[in-house]
Amino acid sequence: MIKSENLRIDSVSSMYKFHTTVDVLRLDLINPVISGNKWFKLKEYISQAIEADKNVIATFGGAYSNHIVATAATAKAFNLKSVGIIRGERAHDLSHTLKNAINYGMELFFVSREAYKKKELPEEVKAKYSTQEILQIPEGGYGIRGMEGAAQILKQIDASSYNYIVTATGTGTTLAGLINGSADNQQVLGISVLKNNFSVNEEIKHLLPQDRWNKVQVNFDYHLGGYAKASNELLTFMNQWYEQTGIPSDFVYTGKLFYAVNDLIQKSSFSEDSRILIIHSGGLQGNLSLPNGSLIFKSV
Ligand SMILES: *Cc1c(COP(=O)(O)O)cnc(C)c1O
């Protein structure tokens with residue numbers, strides 16, 4: 001199901017100055033649905049569910065959440081039931097993400113935005129399953145186990161030669177894992193895809209031992225209009241990046257990540273002899289919500 005042997009490192013250094021190494025770790029290739037960082041963030045929760053004899057995984061997300069569909073597909077692969085608690089009313093036409101989650105056997109429960117904030121199991125779920133059989137995974141996989149799973153990303157390859165590791169940041173769980181899994185001489189940089197989400201710094205620290213707090217580094221300059229906003233500038237960049245590198249990206253996370261790294265290199269924010277590893281965290285299914293023809297590459 002998860003094909004770690006499919007992941008690889010692509011070099012995009014030829015686009016940049018002679019001494020700068022820029023590589024992309026293609027976690028998007030491990031599975032089309034459970035792609036990228038989502039598998040790593042889920043794996044420790046799944047082990048916990050199996051060990052504790054839980055047979056239902058319940059989690060939270062919006063209508064376009066990569067985490068929701070990845071949880072649905074992962075639960076199915078491990079013969080576990082899955083429940084998705086979805087923010088907001090049920091739309092007449094469900095998003096591709098939610099349709100796919102249903103295809104993987106996830107039961108969806110729609111809750112109002114106010115109720116969603118509490119992150120509680122709806123009564124209908126509690127009526128159907130006993131709370132002992134349910135393992136709850138926080139929204140986006142945020143939590144110590146999510147961080148521990150993400151820390152394994154850097155174990156898939158020999159990452160020792162890189163002095164920068166850069167990733168897209170939502171909840172910060174992946175960044176926390178990369179920080180935990182990094183060597184002392186490596187800087188780990190997160191590119192926030194949410195606008196002014198400064199509290200993420202504290203949320204990341206919360207997942208890390210105190211002696212790692214000084215490694216937390218998030219750049220807030222590349223939200224490009226805010227979460228899940230697909231500006232023409234971003235889509236144009238994603239198409240150009242694909243033409244130049246052959247690497248597809250998604251408009252919510254990795255498009256902004258590549259945009260940011262490209263821009264920071266142009267602005268000489270990294271020293272010229274830097275060795276940069278960009279984490280392609282997957283999420284390509286999210287592009288299905290874009291109008292047809294927005295992108296020159298197929299996402300799934
Ligand atoms: C969820 C997601 C992220 C964000 O990961 P966090 O651990 O929440 O920061 C990054 N990239 C992709 C493709 C994602 O789906």
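The values are calculated or read from the model by the stated rules, or taken from the named source; none is laboratory data. Keep in mind it's a predicted model, so treat the numbers as computed, not measured. We place every Cβ from the backbone using ideal geometry, glycine too, and count neighbours over all the protein chains shown. Side chains included, ligands, DNA and RNA excluded: accessible areas come from the protein's heavy atoms. Shrake-Rupley method; radii C 1.70, N 1.55, O 1.52, S 1.80 Å.
Quick one: is residue 157 open to solvent by less than 50 Å² (accessible area, probe 1.4 Å) and away from the ligand (no atom under 12 Å from the Cβ)?
Judged against the criteria, residue 157 is a match.
What's the total number of residues in the range 136-154 that are open to solvent by 60 Å² or more (accessible area, probe 1.4 Å) and under 16 Å from residue 203 (Cα atoms)?
Residues that pass the stated criteria total 4.
Based on what the data block shows, is residue 237 crowded, with 19+ Cβ neighbours inside 10 Å, among the aromatic types (Phe, Trp, Tyr) and away from the ligand (no atom under 12 Å from the Cβ)?
yes
Take the conditions open to solvent by 10 Å² or more (accessible area, probe 1.4 Å) and either touching a strand residue (DSSP E or B) at 6+ places or on another chain (Cβ under 7 Å) or more than 12 Å from the ligand (Cβ to nearest atom) (or both) and apply them to residue 203. Does it pass?
Judged against the criteria, residue 203 is not a match.
Just a yes or no: is a residue in the range 137-151 among the acidic types (Asp, Glu), at negative phi and within 14 Å of the chain's Cα centre (by Cα)?
Yes: one or more hits.
Of all residues in the range 176-191, how many are open to solvent by 10 Å² or more (accessible area, probe 1.4 Å) and not in a loop (DSSP other than H, G, I, E, B)?
Qualifying residue count, the range 176-191: 4.
Which number in (1) open to solvent by less than 30 Å² (accessible area, probe 1.4 Å); (2) within 11 Å of the ligand (Cβ to nearest atom); (3) of a type in the set (S, T, N, Q) marks the one condition that residue 274 misses?
(2) is the only condition that residue 274 fails.
Only one residue in 181, 172 is within 9 Å of the ligand (Cβ to nearest atom) and touching a helix residue (DSSP H, G or I) at 6+ places or on another chain (Cβ under 9 Å), so which one is that?
Matching residue, one of 181, 172: 172.
Which members of the range 249-265 meet the condition of being crowded, with 18+ Cβ neighbours inside 10 Å and more than 15 Å from the chain's Cα centre (by Cα)?
259, 260, 261, 262, 264, 265
Conditions first: (1) open to solvent by 40 Å² or more (accessible area, probe 1.4 Å); (2) hydrophobic (A, V, I, L, M, F, W, C); (3) within 26 Å of residue 63 (Cβ to Cβ). Residue 213 passes all but one, so which condition is the exception?
Result: residue 213 passes all but (3).
When you scan the range 81-88, do you find a residue that is without any contact (Cβ under 8 Å) to a residue 12 or more places away in the chain and either open to solvent by less than 70 Å² (accessible area, probe 1.4 Å) or not in a helix (DSSP H, G or I) (or both), even just one?
So far as the range 81-88 goes, no, none of its residues is without any contact (Cβ under 8 Å) to a residue 12 or more places away in the chain and either open to solvent by less than 70 Å² (accessible area, probe 1.4 Å) or not in a helix (DSSP H, G or I) (or both).
Tell me, yes or no, whether the range 115-135 has at least one residue that is modelled with pLDDT of 95 or more, in contact with an Asp or Glu (Cβ under 6 Å, 6 or more places away or on another chain) and more than 27 Å from residue 279 (Cβ to Cβ).
No; the residues of the range 115-135 include none that is modelled with pLDDT of 95 or more, in contact with an Asp or Glu (Cβ under 6 Å, 6 or more places away or on another chain) and more than 27 Å from residue 279 (Cβ to Cβ).
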